[in-house]
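Encoded as structure tokens, the structure appears first; notes follow it.
Just so it is clear, none of the values below were taken in a lab; they were calculated from the coordinates. Computed from a predicted model, the values in this text were never measured in an experiment. Quick reminder, even Gly has a Cβ in these numbers, built from the backbone with ideal geometry, and neighbours come from all protein chains shown.
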Amino acid sequence: MDVTYMPRTPTVILMAKFMRILCEAEEPLNKYQIEKRAKLSKGTVYNMVDHLRRLGWIEVTSTSRSRVGLPVEYYRLTELGQFRATTSNPDLEPRVRNLLGHRFEELQEKATKAHLSRFREELRMAEEVFTRGTAPPNWTLRIELIANEKGRIRYSVRRGIDLKKIKHAIST
């Protein structure tokens, strides 16, 4: 039997969809409504709700009972969640700026300071490795800064042991 598997959609794309639905909603939504509007699986929605609640990006605004008596929670984005939604959905920025007013700039400044702090830590680590002149075998540090067509900066840092090199060394 020939089976074809669909490739997994990256979590970042699913998160962007989820955040967009909540950001554009006029009223708080329950898990079922989010699932249907975002066209996400039940498991994905449950995992995202749990994750985003721990991050403080969404909150429960009310609870009701389903037709069979089970509790149903309604969610909305917190101010931080609205701000974070603009990271993966830049077109939402004008709307969120309007909603948050001066808080948007405060959150943006706080996020920039946090990113800069982490970035400085990575640079400090790179400086330490250069100074020592050695690093663990197959260790890697990649810092990437990318500006999009509007000049908005995105960065990524990858650090750790390069497993591909270890696997290649073992197989040869």
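Observations
- Overall form of the stretch 1-116 per C-alpha gyration tensor (a/c, 1.5; a/b vs b/c): oblate
- Using C-alpha pairs under 8 Å with a sequence gap of at least 6, the mean separation divided by the residue count of the stretch 1-100 gives a relative contact order of 27 percent.
- Length gained on full extension, Leu141 to His115: 7.7 nm, using 0.36 nm per residue less the C-alpha separation.
- Pairs of Cα atoms farther than 18 Å apart, the stretch 101-167, %: 55
- When the chain is described by a simple charge dipole with +1 on each Lys and Arg Cβ and -1 on each Asp and Glu Cβ, the residue from Thr112, His102, Pro71 located farthest towards its positive end is Pro71.
- Pairwise FRET efficiency - Arg53 versus Gln108, Cβ, R0 = 25 Å, nearest 0.05: 0.65
- Residue exposure proxy: Val45, Val129, ordered by other Cβ atoms within 10 angstrom of their Cβ from fewest to most, comes out as Val129, Val45.
- In this simple spin-label model, placing a label point 7 Å from the Cα along the Cα-to-Cβ direction at both Glu79 and Glu27 gives a separation of 2.6 nm.
- Ranking of Phe104, Phe130, Phe119 by count of other Cβ atoms within 10 Å, fewest first: Phe130, Phe119, Phe104
- Between the helical axis of 102-132 and the longest alpha-carbon principal axis of the chain there is an angle of about 20 degrees.
- In nm, spacing of pseudo-spin labels at Leu99 and Val68 (7 Å Cα→C-beta vector): 3.2
- Charged-residue dipole, Cβ positions (Lys, Arg, Asp, Glu), the chain about Cα centre, Debye nearest 20: 380
- When only the Cβ of Lys, Arg, Asp and Glu is charged (+1, +1, -1, -1), the dipole of the stretch 36-111 relative to its Cα centre reaches about 540 debye.
- Contact order relative to length of the chain, as percent, for alpha carbon pairs under 8 angstrom and 6 or more apart: 14
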